[in-house]
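Heads up, the thing below is written out as structure tokens.
The values are calculated or read from the model by the stated rules, or taken from the named source; none is laboratory data. These figures come from a predicted structure and were not determined experimentally. Cβ placement follows ideal geometry from the backbone for every residue including glycine, while neighbour counts extend to all protein chains displayed. With ligands, DNA and RNA removed, areas are computed over all heavy atoms of the protein, side chains included. Shrake-Rupley method; radii C 1.70, N 1.55, O 1.52, S 1.80 Å.
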Amino acid sequence: MTYEELATYANYALYSAMGVLTLAMLAFAGYLAGLMPARSELKEARRDAEADATPDRSLVGAGTATAEAADTVESTRPAAPAPRRAVGRGPVDVDRDEGVSAGARKLGGIAITLTWLSTGLLTLSVLLRGLSVQRAPLGNLFEFAVTACLAALIAFAVWSTRRDLRWLGLFVVAPVLLVLGVALVSWYTEAAELMPSLQSYWLVIHVTVAVLASAVFFIGAMTGILYLWQDSVERSGATSVLNRFPPARTLERLTYGLHVVAFPLWTFTLIAGAIWARQAWASYWNWDPKEVWTFIIWVVYAAYLHARVTSGWSKQRATWIALAGFVCIIINYTVVNLFFVGQHSYSGL
Amino acid sequence: MPRITDDGTDPVTAGTAGRSTDPVTQPTLDARGWLRFLWRQLTSMRTALFLLLMLAVAAVPGSVFPQRNIDATRTADWIADHPTAGPILDRLGFFDVYSSPWFASIYLLLFISLVGCVLPRTRVHWDAMRQPPPRTPARLERLATHSVLEVEAGAGEDTLDRLERALRRRRYRVHRHQPGTLSAEGGYLKETGNLVFHLALIGIIVGVAAGHLWGWKGDAIVPVGQTFAKTRFDTFAPGPWVGDDDVPPFTLRVDDFTAEFEDEVTTEGQFGMPRDFTAYVTATENGVARETIIKVNAPLELDGASVFLLGNGYAPVITVRDAAGEVLYTGPTTFLPQDNNYQSVGAVKVAAADPGLGFVGWFLPTAVITEDGGPQSIFPDALQPALALTVYEGELFPDGRPQSVFRLDTDEMTQLTNEEGTDAFRLWLEPGDTVELPGDRGSITFESVERFAGISVRHDPGRWLTLASALLALGGLILTLVVPRRRVFARVRADSVEGRTVVTMAAMAKADDTGLESLLEDLREDLDPDPDRSRKT
Ligand code: HEM
């Protein structure tokens, strides 16, 4: 196969991945529609939400809880004010299927399967693209965006094997689809070699970790938004599809946990970028716009971690800082790449 | 959930341990009181948070506006294009953001706050690591995460022994303040990591500062075949504490330079993009010469300096003769590339002619004449090179003012015109061409095309400190985020009613900690491998 053919097949795989991902998105949407509590369920749903919101109740199941161990856990608790709903695999695995129609449940399962399929196709696309250019497919904004989407899908799919994430699916899959679409329509770049400044193994180290960190920050931003939303739903006591989502407290913890993973990755990205900059541009820090924004993002997320433990700062306000950090990430990959003049030129854009 | 508070006290033990809290100091309004108050404000978490957010915001304009230290020309153009906003923004430091007083004051305050925050915490942590864990609270049932265990009558101390072993295996520090009680604390590394992280940030700043004070950099354009020595920098920027001897005596000859450009992928944006630049050089230091190459991502490391390949371009070899055929000027003349197709500007200054003769114009590596008659380069490689020049006569260096080698200062020169005097005299030269100048002024020959390497020689003695600090910060960060800080307590109580002994274990953490339950469960299993026996009957 010639390199051009490989590049063409990479594109076919990309189209297929997007097609499957569209179906997954629809299935996730259908699943969420099925979660919408009916009027008759209103009271029950609200009671469940309250039970979920009680700290240290349904959230603290152990990772290995067998029926016996669960018994022990039960006996270690102070008198329980509300009934536990179920014991599951992980902390948030209260049984969300209870009262969900069989159709919706099926859709949820299909959606996860389709997400896996699409992840596989996108992996194939990235691999073929890499083969077609004989290098890591990270050389321009198009390749970067596709790889970032792949990282987000992998992170989500792998995480979904550890806990029930069907509620999160739509919020991951839809933005990923959007980015893939924009990448294909606006940023598509013909497969080609790299310019000399990009020909370094630091490209692979620096950019791969940046991609991973961005993907985890992205999922963290989604759970962060859901947390703020859930929080307002819980406060108002409204009936909402969010009644069947994990309680706000859990969502906040998940958000924090994701940022705790992503922040060191981003710190590493910054350091690796500086090492590479010194090789390619003679100085490890040049105040190039891209460097500046990487630094801004780092500072904003450091502020988030600080805000979370600063007395007088609520978890909600801290989460807003995390979301501001994600807005900076978006700016970094769009506005900064396309409009600001710097040394981080992406060939072909 | 009760938490271990930041100041090291915890709400549960504070009372039982009978620890006295500081007497509330009345705020006095004298100068020292105010200073104390300000210091406390500056070193509070809230101020640190505020300063962090300020730092992020203050860094933004530097990415929006051109910066003088990066691209002085673009900055000057921007100011010229915005006659109202330009000067105002300039006065506010928007074109030198990262050396502006307001940016500096934010990060200096942040680092003062950092020191003021971290040093006392280091002390507290140091003390905490040498003190035994706090006393066992009286009523462990009051802690959210606790576990009650019934054991054989009188087996209480024995159970605590086993618990102590299990905890020590988990690297907890264990202390039994009184018979029948046990206190343990683990995860000191969390705080250690946090302190290392924050202290390492200071190391980064120190490293950066050292680089500014003792570092230097010099740039030079070296045509193929020429030798570069430290006396030949085009620009040289030493740090304030750099002496002359700090720049090592080395020479560098550029033997050859190759460049490759994209000519297979023809889509816009890819066609003509650079693919490879290699400078073949002979470096001589301490009397030893060696042949090597320098590439964009592969600098040449010398003793006390590193040589980077940062640019390249063309140096057409030009010879100017007078009317008698005497050579007035000859050699490779560097032309500065202006765009991706290496359309380059340059000047030939023939000071040996009388009056002085100056040529100025374009070098075009792949030259075409566009529809409207203008010369243009359409590909960066030297496929069809040409020189397009105009000629001036007069005083080349008026008043000895410094001037760019790529431009003519034509203030005191007049332009040569064609025979009829209707238009400027224009030269179009391809390699090998010789053209006679009008008015018996001699001739100019375009001999051949050479390339030049744009090199930058740098020395930054602070970079290793910066790198080591950055890696240390990363390590500390991972520790502080991964390690949970936990306390475990246990207390033995004889249950008089049933004649059995009850051991209550409890755990608490520094922050939200979903693992506390499983810790207690695991400990329970360690105490009694057969869970059935410890179950309530
Ligand atoms: C250069 C600026 C600073 C940066 C980039 C920074 C960054 C961070 C980061 C990323 C964490 C997260 C660790 C965690 O969540 O456990 C942290 C924690 C912390 N920082 Fe900073 N920090 C800075 C300055 C300061 C200052 C000035 C103070 C003192 C007021 C401070 C006090 C703390 C404290 C007490 C924690 C621990 C929070 C906890 O209990 O977990 N930091 N810092």
- Message: Here is a check on your reading of the model: is B:T445 at pLDDT 95 or above, closer than 30 Å to B:P355 by Cα and open to solvent by less than 20 Å² (accessible area, probe 1.4 Å)?
- Response: yes
- Examine region A:275-296 for a residue that is in a helix (DSSP H, G or I) and within 13 Å of the ligand (Cβ to nearest atom), and state whether such a residue exists. yes
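Per-residue answers, yes or no, for (1) within 13 Å of chain A (Cβ to nearest Cβ); (2) within 16 Å of the ligand (Cβ to nearest atom); (3) farther than 30 Å from B:F489 by Cα; (4) in contact (Cβ under 8 Å) with a residue 24 or more places away in the chain:
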| position | (1), (2), (3), (4) |
| --- | --- |
| B:L110 | yes, yes, yes, yes |
| B:T122 | no, yes, no, yes |
| B:R130 | no, no, no, no |
| B:T136 | no, no, no, yes |
| B:A144 | yes, no, no, yes |
- Filter region B:417-429 for residues that are without any contact (Cβ under 8 Å) to a residue 60 or more places away in the chain and under 51 Å from the mean Cα position of the chain (by Cα); which is surrounded by the most Cβ atoms within 10 Å (Cβ to Cβ)? B:L429
- Within region A:254-289, tally of residues that are under 26 Å from B:L300 (Cβ atoms) and either at the interface with another protein chain (Cβ under 8 Å from one of its Cβ atoms) or hydrophobic (A, V, I, L, M, F, W, C) (or both): 17
- Give the number of residues within region B:79-100 that are out of contact with any helix residue (DSSP H, G or I) (no Cβ under 8 Å at 6 or more places or on another chain) and small (G, A, S). 3
- Task: Considering each residue of region A:152-165, count those that are part of a helix (DSSP H, G or I) and surrounded by fewer than 23 Cβ atoms within 10 Å (Cβ to Cβ), and give that number.
- Result: 6
- Checking A:W281, A:W298, A:W287, A:W276 in turn, the sole residue that is under 15 Å from B:L52 (Cα atoms), surrounded by fewer than 23 Cβ atoms within 10 Å (Cβ to Cβ), in contact with a Phe, Trp or Tyr (Cβ under 8 Å, 6 or more places away or on another chain) and in the same structural domain as A:I225 (by TED's automatic domain parsing) turns out to be A:W298
- Query: Residue check: is A:F268 of a type in the set (F, W, Y), away from the ligand (no atom under 12 Å from the Cβ) and open to solvent by 30 Å² or more (accessible area, probe 1.4 Å)?
  - Reply: yes
- Message: Among the residues in region A:256-263, are any within 13 Å of the ligand (Cβ to nearest atom), at pLDDT 95 or above, among the hydrophobic types (A, V, I, L, M, F, W, C) and crowded, with 21+ Cβ neighbours inside 10 Å?
- Response: yes
- Members of region B:187-215 that are within 12 Å of chain A (Cβ to nearest Cβ) and away from the ligand (no atom under 16 Å from the Cβ): B:G211, B:H212, B:G215
- Message: For region A:211-246, give me the residue count where each residue is closer than 30 Å to B:D276 by Cα and either open to solvent by 10 Å² or more (accessible area, probe 1.4 Å) or not in a helix (DSSP H, G or I) (or both).
- Response: 1
- Message: Pull out all pairs, ordered by first then second residue, where Cβ-Cβ is under 7 Å, the residues are six or more apart or on different chains, the first lies in region A:178-191 and is crowded, with 16+ Cβ neighbours inside 10 Å, and the second is basic (K, R) and at pLDDT 90 or above.
- Response: A:A191/A:R129
- Considering only region B:26-52, state which residues are at the interface with chain A (Cβ under 10 Å from one of its Cβ atoms) and either away from the ligand (no atom under 11 Å from the Cβ) or open to solvent by 70 Å² or more (accessible area, probe 1.4 Å) (or both). B:R46, B:F50
- Identify the residue in region B:61-75 that is among the small types (G, A, S) and surrounded by 15 or more Cβ atoms within 10 Å (Cβ to Cβ) and, among all such residues, is nearest to the other protein chains (Cβ to nearest Cβ). B:S63
